[in-house]
Amino acid sequence: MRIFRTKSIQEYMMDASKTHLKKEMGPLDVIFLGVGIIVGTGIFVLPGVAAAKYAGPALMLSFVLASVACGFVAMLYSELASTMPVAGSSYAYAYASLGEVLAWLVGWNLVLEYTVGASAVAGGWSAYVMGLLKSAGFAISDAWTKVPADGGIMNLPAILITLFLTGLLIRGVHESTMVNRVLVAVKLLAIFIFLFLAAPSVDVTNWEPFMPYGFSGVSAGAAVIIFGYLGFDAISTAAEETKKPERDMPIGIIGSLLICTLLYVAVTAVMTGNVPYTELDNAEPVAFTLRELGYRFGSAIVGTGAIAGLTTVLLNMMYAQTRAFFAMSRDGLIPRSVCKINPRFATPHRITLVVGVAVALISGFTPINVVAEMCSVGTLFAFIVASIGAVLMRSKYPDVRRPFRCPAIQVIGVLAVLSCGYIMYYLSSVTWERFWIWSAIGLAIYFLYGYRHSRENAPTEKTE
């Protein structure tokens, strides 16, 4: 039963006080972090395919369904992040409430989400950049823009952007935050331009039939586009580097979720109101909609916004991955040497470099379109575990100061688990099989290394 040993909130706070990560972020930065990682594929890539194949115009309801599920989880995360403002997010919350082995499984699945997800985003970034360059008349050989499985040598643009952002993350949170602000502003400007140009020509007859695949189609659509929401989990990984986490984390988590939901629903409504949903089965539905309306410069506008958007998603996914790894290494579940803080930049430079190189190699040489589907199931699993943990921590630590208290936490906790479980039910059987295989590999690593090297095996180390 030692695999279910927990780490106390006091221990986590003590560790956080010793790491010397710089507290650079305010509430606006946390919101920008959330918008930066959430708004990307959920607007620029996924809606077209999801509307055409799953939900039709009712994809608007799919986004609402996904946002309701994430909203329940966001309330619980806000309490957890303000009560225990440490790096690690779902992993740390599970460790403090449900035990080491479940925390490891959560962390292991976050590794999958962020690494594979970032690799997929890097590939999408490369495709948008190459499309813009070709539109401008620059001929670039496919050998250097496609992975070997697609007939190329490597996806060089994906490798270069990943390594550039890795260097930015090593330099420090302040530099990364400033770049993120600019790119999020460009992304939002592109979205508002799309809405300004396309909203006046919405024809409501294109919304008929509104629900062509029934409510099961709405649910299946939510399972597909939930990938666009999963980034808000990454917001809580920044708690240890936030100036006033007791105030900034709830504002950032809930605020960014509300903003992104409004953008998702608005873009989907305008898109399906201009173009019949059956014609949106492509990877650039927003640009396609503008071209159908006769705006020849639409592709360039949306392409620029998409590049900015995907850059922020990639930057913030890699940031969240390094902080999750950092928390796991600090607990001894992976080699502790990787959590060393750079004395000059005050960042975990070693693990940042490891993550950056891994994402660069995967995006540069591997077709990851199938593996990326596993991101959703792994993160929804993390949501469920963290939601249960939030409820348990109310009774386990009744006297701990909670700057933000989730109202009716037992009810919200049950609704979070049920809604996430409902969406998970509509994921494909292949995705579930890969999830179990990945989890089995993670358990093997835990018992071979993590269990024996955990700091919980050496009480004296925890008080040093």
Q) Near residue 352, within a Cβ-to-Cβ distance under 12 Å, what is the net charge of the other residues, with Lys and Arg +1 and Asp and Glu -1? A) +4
Q. Over all distinct alpha-carbon pairs, what is the Kirkwood Rh of region 233-278 in angstrom?
A. 12.6
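Of the accessible area of region 1-104, with the probe set at 1.4 angstrom, what percent is carbon plus sulfur?
Working: 1960 of 2740 Å².
The C+S portion of the solvent-accessible surface of region 1-104 is 71 percent.
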Q.
Need one number: nm distance between label points at residue 185 and residue 163, each 7 Å from Cα along Cα→Cβ, rounded to one decimal.
A. 3.0
Q. Regarding region 97-219, what is the average projected area of its C-alpha convex hull, in nm²?
A. 14.1
Q: Taking 7 Å along the Cα-to-C-beta vector as the label spot, tell me the residue 204-residue 140 distance in nanometres, rounded to one decimal.
A: 4.4
Q: Could you calculate the contour length gain from residue 262 to residue 282, that is, 0.36 nm times the residue separation minus the distance between their Cα atoms, to one decimal place in nm?
A: 4.9 nm
Q.
Greater than 18 Å separation of Cα atoms is the criterion. Which listed pairs, 243/340; 243/396; 18/396; 18/243, meet it?
A. 243/340; 243/396; 18/396
Q) Using the Cα gyration tensor of region 50-132, with a ≥ b ≥ c the square roots of its eigenvalues, what is the shape: rounded (a/c below 1.5), prolate (a/b larger than b/c) or oblate (neither)? A) oblate
Q. Highest mean first, what order results for 318-330, 46-58, 262-274 on Cβ atoms within 10 Å?
A. 318-330, 46-58, 262-274
Q: Would you mind getting the accessible area per residue of region 34-153, heavy atoms of the protein chains only, 1.4 Å probe, in Å²?
A: 24
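So for each of 302-312, 60-70 I average, over its residues, the number of other beta carbons within 10 Å; can you give me the resulting order with the highest mean first?
Working: 302-312: 25.6, 60-70: 23.7.
Peptide ranking by packing, descending: 302-312, 60-70.
Between beta-carbons, use under 12 Å as the cut-off and find the net charge around residue 52, counting Lys and Arg +1, Asp and Glu -1. It would help to have the intermediate numbers written out before the result.
Working: positive: 53; negative: 279, 281.
Here the charged neighbours net out to -1.
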Q. Assigning unit charges at the beta carbon (Lys, Arg +1; Asp, Glu -1) and nothing else, what dipole magnitude in debye, to the nearest 20, does the chain show about its Cα centre?
A. 1240
Q. Residue 400 to residue 153: extension gain in nm, 0.36 nm per residue of separation minus the Cα-Cα distance?
A. 83.4 nm
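In whole percent, and with a 1.4 Å probe on the protein chains, what portion of the accessible area of region 112-201 is carbon and sulfur? All intermediate terms of the calculation are to be shown ahead of the outcome.
Working: 2960 of 4000 Å².
C and S atoms contribute 74 percent here.
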Q: Among 205, 267, 68, flag the residue with its Cα farthest along the positive direction of the charge dipole of the chain, charges on Cβ as +1 for Lys/Arg and -1 for Asp/Glu.
A: 68
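With a 1.4 Å probe and all protein chains left in place, how much accessible area per residue does region 213-346 have, in Å²? Spell out each step's value before the answer.
Numbers: 3920 Å² over 134 residues.
Each residue of region 213-346 exposes 29 Å² on average to a 1.4 Å probe.
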**Q.** Calculated FRET value between residue 457 and residue 357, using beta carbons and R₀ = 22 Å, to 0.05
**A.** 0.10
Q: Straight distance only, please: which aspartates and glutamates reach the Cα of residue 23 with their own Cα at less than 16 Å, same-chain residues fewer than 8 apart left out?
A: 15, 175, 240, 241, 246, 248
Q. Taking the mean number of other Cβ atoms within 10 Å as a proxy for protection, how do you rank 144-154, 97-107 from highest to lowest?
A. 97-107, 144-154
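Tell me the carbon and sulfur percent of the accessible area for region 228-339, rounded to whole percent, probe radius 1.4 Å.
Numbers: 1920 of 3000 Å².
The computed percentage sits at 64.
The values are calculated or read from the model by the stated rules, or taken from the named source; none is laboratory data. No experiment lies behind these values; they were computed from the predicted model shown. Note that we place each Cβ from the backbone using ideal geometry, even for glycine, and neighbour counts take in every protein chain shown. Side chains included, ligands, DNA and RNA excluded: accessible areas come from the protein's heavy atoms. Shrake-Rupley method; radii C 1.70, N 1.55, O 1.52, S 1.80 Å.
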